[in-house]
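The values are calculated or read from the model by the stated rules, or taken from the named source; none is laboratory data. This is a predicted model, so every value here is computed, not measured. Neighbour counts run over all protein chains shown; Cβ positions are idealised from the backbone, glycine included. What goes into the accessible areas is simple: the full protein's heavy atoms, side chains included, and nothing from ligands, DNA or RNA. Shrake-Rupley method; radii C 1.70, N 1.55, O 1.52, S 1.80 Å.
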Amino acid sequence: MKTLKEQVNEIKSATISRNAKKSALAKLGITPYEINLLLASEATATMPRTAFTFGVEIECNVERGAIRTASQVTGMSYQYEGYNHADGHSYFKFVTDASVCGENAIECVSPVMAGTSGKSTLKCAVDTLNRAGATVNRSCGLHVHIGAAHLTQKQYANVFSNYFYLEALIDRFMAPSRRRDSNSYCRSLSDHSALTRCETVSDVQLTLNNNRYHKINPMSYGRHKTIEFRQHQGTTDYKKILNWVMFCGKLVEWSKKNRLTANVTSVDELPFLTVAEKKFFNKRIADLA
């Protein structure tokens, strides 16, 4: 028979929500005060580092001449190119995208970024778009790429399995146009429960029918060695963009060692977010309710 200490450690190390751990510990006769102490140390230990690379694709409508004028003020480095998926550029490239509606429809694709300098580079680009009068509509999306070359096959699969269990919660802080079955360019994972049993990149791709138009794109790994998160609605709000980048990046980092086994129903149960990030997403849920 397991000792109390062994049972406590087993619950603490389980890949379940914080509330589920509280409930399980309470059944062992542990007081609420002691439970908070036990889980406080655990929450600190599971916070991931943020040393991930990221890129964004901002779909919007903006006039080319306005970008030229705005960039002269902000210093944003950019080029207009034809439709392409080429990597290796050090500037923001503007490419056409047939899925975006509007007279000056365009997709602003960032270079690979990381850390504080990456955030500054991203802010410069967003400031340029806003200074140029960029707008978004229902057809626009925000796509975030997180570097995945450092992941093992199992860690990669963990990200998709975890998103499967998080999707219903994420839907609550996304616009209605980006929720379940509401957009053919970011299809739900909810009908693909086999994701929870995937162990490799190939497993994930086959489960999602080798189709990139899901809330997470399983095909970007082969071309870019990234995981592309496609669910977020179009926006040129830097705070919204940055918080979603951090959510995606931290989820990938957390998934290296963790795999959920049940749905998470509250932002406050997510161990990889800071207090400020939880506050932001809870406010989004309230605003979109």
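Things to note:
- Estimated [θ] at 222 nm from DSSP helical runs (n ≥ 4, -39500 (n - 2.57)) normalised by residues in the chain, nearest 500: -13500 deg cm²/dmol
- The Cα atoms of the range 88-161 cover 43, 28, 20 Å along the three principal axes, with the biggest extent listed first.
- Each residue of the range 254-270 was assigned a 3J(HN,Hα) from its phi angle through the Karplus curve 6.51 cos²θ - 1.76 cosθ + 1.60 (θ = phi - 60°); the sequence is 5, 6, 4, 10, 9, 9, 5, 10, 7, 4, 9, 10, 9, 4, 5, 8, 7 Hz, with glycine and proline shown as x.
- From the Kirkwood radius over Cα pairs of the range 147-191, Stokes-Einstein at 37 °C and 0.692 mPa s returns a whole-number translational diffusion coefficient of 281 µm²/s.
- Distance from the alpha carbon centroid of the range 79-112 to that of the range 247-270 works out to 31 angstrom.
- Shape category assigned to the range 244-287 from the gyration tensor of Cα positions, a/c cut at 1.5: oblate
- Expressed as a whole percent, the accessible area of the range 59-197 that falls on carbon and sulfur atoms is 48 (1.4 Å probe).
- Length gained on full extension, residue 31 to residue 90: 15.8 nm, using 0.36 nm per residue less the C-alpha separation.
- Of all DSSP beta bridges in the chain, antiparallel share, percent nearest 5: 85
- Accessible-area value, residue 260, 1.4 Å probe, nucleic acids and ligands omitted, Å²: 20
- Ranked by the mean number of other Cβ atoms within 10 Å per residue, highest first, peptides 135-145, 190-200 order as 135-145, 190-200.
- The range 40-154: C-alpha pair distances exceeding 23 Å, %: 35
- Take the Cα radius of gyration of the chain and divide it by 2.2 N^0.38 Å, N being the number of residues; the result is 1.07.
- Amide H contacts of residue 92: 77, 78, 79, each under 5 Å away and 5 or more positions distant or on a separate chain (H built 1.01 Å from N in the peptide plane; Pro and chain starts excluded).
- Around the amide H of residue 234, modelled in the peptide plane, lie the amide H atoms of 140, 141, 142, all under 5 Å away and 5 or more residues distant in sequence or on another chain.
- Accessible surface, per residue, of the chain when the full set of protein chains is kept, probe 1.4 Å, Å²: 47
- Ratio of the Cα radius of gyration of the range 118-258 to 2.2 N^0.38 Å, where N counts its residues: 1.04
- Label-to-label distance for residue 114 and residue 154 is 2.5 nm, based on points extended 7 Å past Cα in the beta-carbon direction.
- Basic side chains Lys and Arg get +1 at the Cβ, acidic Asp and Glu get -1 at the Cβ, and with that the dipole of the range 54-120 about its Cα centre reaches some 300 debye.
- Phi angles across the range 70-79 convert, under the Karplus curve 6.51 cos²θ - 1.76 cosθ + 1.60 with θ = phi - 60°, into 3J(HN,Hα) values of 5, 5, 5, 8, 8, x, 4, 8, 8, 8 Hz, Gly and Pro given as x.
- A P(r) calculated from all alpha carbon pairs of the range 190-289, with 10 Å bins opening at zero, reads 12, 41, 36, 11 percent.
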